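Read through the structure below, which is laid out as structure tokens, and then see the notes.
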Amino acid sequence: MARRTRMFLTFPGIVVVCLHLLGGSMETANEVDPYKILGVTKSASQAEIKKVYKRLVREWHPDKNKNEGAEDMFIKITKSYEILSNEEKRTNYDRYGQTDDTQPYGHGHYGHRHDHFYFDESFFHFPFNNKGNREFADSKYALHFNQYVNDVVPDSYKRPYLIKITSDWCFSCIHIEPVWKEVVLELEALGVGIGVVDVGYERRLANHLGAHRTPSILGVINGKVTFFHYAVVKEHLRQFVEDLLPQRLVEKVTDRNDFQFLNSWHEQNKPHVLLFDQVPVVPLLYKLTAFAYKDYVQFGYVDQGLSETANLLKQFNINTYAPTMLVFKESTDKPADIIQAKGMKKQIIDEFITNNKFLLVPRLVNQKLFDELCPVKQFHRRRKYCVLLITGDEESYTIGNQAFLTFASTNTLEVVRFAYVYQRLQQSLCDILLKTKDSTPPPPQVSVFILERRNPAGKVLYKEVAGGWNGTDEDKQRLLDELERLQKDPSILNYDAMLPELNNEFASMFLIRWIYTAYDYISEILDDILHNNWREMMPLLSLIFSALFILFGTVVVQAFSDSSEDGKSKPKAKEGTKTENGSPVSSSTSSRPPKKNFVEVTELTDITYTSNLVKLRPGHMNVVLVLTDATKNVLLSKFAKEVYSFTGSLTLHFSFLNVDKHSAWMETLLEFAQDAMQIDTEEDDCARHKIDYTGYVLALNGHKKYLCLFKPVYTGEEGGSSEEEGSRSTATLQIHHKLDRLGLWMERLMEGTLPRYYIPGWPGLDKITGPK
């Protein structure tokens with residue numbers, strides 16, 4: 001009976017607990033309405049919701065609104081916009097009063113729904129999903145995929161992001177939470193972006209980042225993701241963020257290089273900022289500022305504790321008890337602005353740099369700078385005018401350019417900006433303003449224009465200041481009068497034009513960009529190999545080994561096929577190298593087997609002379625057979641047999657020259673190479689007959705201007721008296737014996753062991769062609 005009583009008493013308790021949980025969940029789900037928070041109706045369009053959201057975010061942002069409930073209200077506004085900006089979530093909320101990733105709304109990250117009951121895990125006192133413990137990370141810094149792609153990645157080109165990957169029921173995440181919270185509070189104040197990705201609700205974003213385990217910490221800078229692989233302690237995380245930044249952001253400045261640093265403003269077209277402090281290492285806050293404004297300002301750091309900086313401290317009268325920042329523009333002797341404070345905060349530095357991120361008269365070097373200096377007119381009260389000087393970069397223009405700078409430094413009108421362009425570097429822009437119609441670029445004209453941009457497409461209203469610009473007092477007075485008239489009557493800008501996009505004068509070369517990209521890719525692969533587990537690396541390793549196997553197999557198959565083809569071609573080549581009397585003559589094959597069963601031999605004439613010799617590609621040679629009309633058929637047949645095995649070479653070309661037509665060219669060529677001719681002139685040779693060039697072979701290198709010579713050698717039976725040998729001449733040699741040793745000569749030609757006879761130039765074939 002007692003047991004039954006205890007069971008009866010326990011059951012109502014369970015019912016009460018369940019009803020309490022159910023009632024609590026229903027109350028939680030209905031206590032917040034995204035439509036009421038944003039103040040829009042259920043029929044509101046996406047444009048209306050976005051417009052209201054932007055206004056409320058500016059109003060309730062914790063950095064601007066210091067009320068106690070501002071942070072909670074800001075979170076509610078963000079969550080409400082996430083629901084209503086997503087059509088699927090919005091429809092789900094309109095139907096069921098909840099969304100898939102917020103179940104119920106406001107506490108979706110801290111509990112789970114089973115059937116129709118919502119169990120608040122804080123009731124069971126689990127530390128993993130307790131709202132008090134997880135609110136710091138999961139609410140204020142939570143990221144979703146669209147937010148990362150649209151906001152974080154573009155913003156990472158101005159500041160690095162530190163992102164934590166976490167999930168529910170992650171025991172290790174609890175251990176790193178105190179360190180993470182401390183690091184976030186410090187780095188966020190310095191300007192580092194913070195994000196948290198819950199794998200349970202943002203699986204798509206986690207996969208996009210390549211995070212496959214929790215907890216993970218990664219950094220994002222310039223759109224590139226880098227994982228943190230060390231012990232989670234404050235010093236390591238701080239160093240990790242510092243290592244994400246590019247190396248030479250801040251230059252160390254001493255008495256030795258201060259002049260070079262400050263005088264580079266003209267070349268870099270940027271103001272220069274010097275920070276004076278007593279610490280030997282550049283502060284992280286200063287590095288982050290340098291990264292954020294790297295496109296506008298060049299940063300330098302002066303360590304006050306070094307003896308090499310004493311002259312700088314004295315020159316600019318620096319107070320060593322507090323950090324000091326100086327900004328220099330066109331003048332390197334006197335800073336344009338200065339701040340000094342013991343607690344140098346990010347807001348102070350940002351305001352200081354923003355007010356000084358342009359020179360007094362910057363050069364328009366790209367379209368981005370033009371857009372910022374001379375913004376497009378949006379409202380009548382926000383008219384902005386740009387006074388543009390078109391000049392040259394030679395020394396003769398220095399006086400006029402300096403006078404323009406002096407005039408601009410006295411300007412007090414906030415709506416007027418001064419700039420200049422070099423006509424040589426921005427020719428298309430200058431041609432339109434100067435109305436130059438000629439195709440040939442004219443000499444630089446020094447002119448001053450007053451511009452007002454009307455739309456982003458390039459339309460401007462402008463007026464040229466009469467009289468040009470030489471820097472005289474009269475020129476300055478004319479420009480001042482025009483600016484005063486402009487304040488009273490903007491319609492004096494009576495010309496309009498469409499300006500083209502400016503050339504980017506500082507664009508890096510394609511090769512350099514490619515090298516940087518390849519370096520980043522290789523670094524990322526090495527980083528993955530060193531730190532990722534093997535299961536994650538298996539697809540990449542499989543791809544690499546498959547590619548190596550295919551490459552190795554292709555090389556092996558090609559090697560075996562080449563050797564088999566060489567073995568088949570050798571017997572055929574030997575069979576075709578026997579002379580008519582049966583004596584075998586060696587004729588080696590080339591490194592490549594012949595591709596055709598015939599030899600292409602073209603005639604060298606005044607028409608083919610230039611392409612086949614004079615303009616022959618480097619490394620190529622033309623092998624030319626010299627013949628006559630009477631010996632043409634016999635010699636060509638023998639020539640084809642001797643050189644057939646060398647036709648596989650891609651660098652050899654074969655031609656023939658008719659000496660009956662071009663004997664003068666042959667004589668002129670060999671006169672240039674007298675050492676090539678070894679003709680006997682014994683005794684009295686006054687009545688010697690004309691040289692017979694029939695059977696000569698010339699290997700001509702058209703690019704390097706040299707030739708190799710083959711002369712016919714008699715290979716018949718030796719013997720007989722010396723008188724008989726003396727009476728024998730090249731004219732009596734049988735024609736088919738003249739090319740007997742050509743195969744051996746071709747071997748030596750391919751080996752590069754033949755003597756070369758260089759000539760000053762190729763004689764013209766058409767000019768010295770003799771009669772037949």
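The values are calculated or read from the model by the stated rules, or taken from the named source; none is laboratory data. Quantities reported herein were computed from a predicted structural model and do not represent experimental measurements. Here the Cβ positions follow ideal geometry from the backbone for every residue, glycine too, while neighbour counts run over all protein chains shown. The accessibility values were calculated without ligands, DNA or RNA, using every heavy atom of the protein model including side chains. Shrake-Rupley method; radii C 1.70, N 1.55, O 1.52, S 1.80 Å.
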Where the accessible area of region 367-500 is counted over protein heavy atoms with a 1.4 Å probe, how much of it, in %, is carbon and sulfur? 50
Result for region 34-96: accessible area per residue, probe 1.4 angstrom, in square angstrom, of 65
For region 179-261 the trypsin sites (Lys or Arg not before Pro) that pass both the DSSP coil test and the at-most-11 other-Cβ-within-10 Å test are 256
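Could you please report the charge total around residue 703, scoring K, R as +1 and D, E as -1 over all other residues with beta-carbon less than 10 angstrom from its beta-carbon?
Working: positive: 615, 617, 704, 705; negative: none.
Every neighbour counted, the sum reads +4.
With an 8 Å Cα cut-off and a minimum separation of 6 or more residues, compute the relative contact order for region 34-96 in percent. Could you put the intermediate results ahead of the total?
Working: 51 pairs, mean separation 24.2, N = 63.
Once divided by the residue count of region 34-96, the mean separation gives 38 percent.
For an R0 of 56 angstrom, estimate the FRET efficiency from the Cβ-Cβ distance between residue 504 and residue 691 and round to the nearest 0.05. Walk me through the numbers before you get to the answer.
On the way: r = 67 Å, r/R0 = 1.20.
Result of the calculation: an efficiency of 0.25.
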Shape verdict for region 367-500, please, from the Cα gyration tensor: rounded (a/c under 1.5), prolate (a/b greater than b/c) or oblate. oblate
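Please state the shape class of region 131-244: rounded when a/c is under 1.5, otherwise prolate if a/b exceeds b/c and oblate if not, all from the C-alpha gyration tensor. Could the numbers behind the result be given before it?
Values: a/c = 1.40, a/b = 1.07, b/c = 1.31.
Note, shape of region 131-244 comes out rounded.
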Give me the percent of accessible area attributable to carbon and sulfur for region 250-356, probe 1.4 angstrom. 49
Roll a 1.4 Å probe over the protein chains and send me the accessible area per residue for region 131-244 in Å². 45
Which FRET efficiency value, to the nearest 0.05, is calculated for residue 317 and residue 171 with the Förster distance at 60 angstrom and r the Cβ-Cβ distance? 0.55
Taking placed amide H atoms and a strict 5 Å upper bound, the residues 5 or more places from residue 337 or on another chain that come that close are 327
Pop a pseudo-label 7 angstrom from the Cα along the beta-carbon direction at both residue 72 and residue 414 and give the gap in nm to one decimal. 4.0
Based on the Cβ-Cβ distance of residue 306 and residue 600, what FRET efficiency does E = 1/(1 + (r/R0)^6) give at R0 = 56 Å, to the nearest 0.05? 0.15
If you stretched the chain out fully between residue 705 and residue 256, how much longer would it get, using 0.36 nm times the residue separation minus the C-alpha to C-alpha distance? 156.1 nm
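Might you tell me the accessible area per residue for region 367-500, computed with a 1.4 Å probe and given in Å²?
54
Taking all protein chains as present, what is the carbon and sulfur share of the accessible area of region 34-96, in % to the nearest whole number, probe 1.4 Å? Intermediate results must be reported in sequence, preceding the final value.
Values: 2000 of 4110 Å².
On region 34-96, the fraction of accessible area on carbon and sulfur atoms equals 49 percent.
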Modelled label-to-label distance, residue 226 and residue 477, 7 Å Cα→beta-carbon offset: nm? 6.1
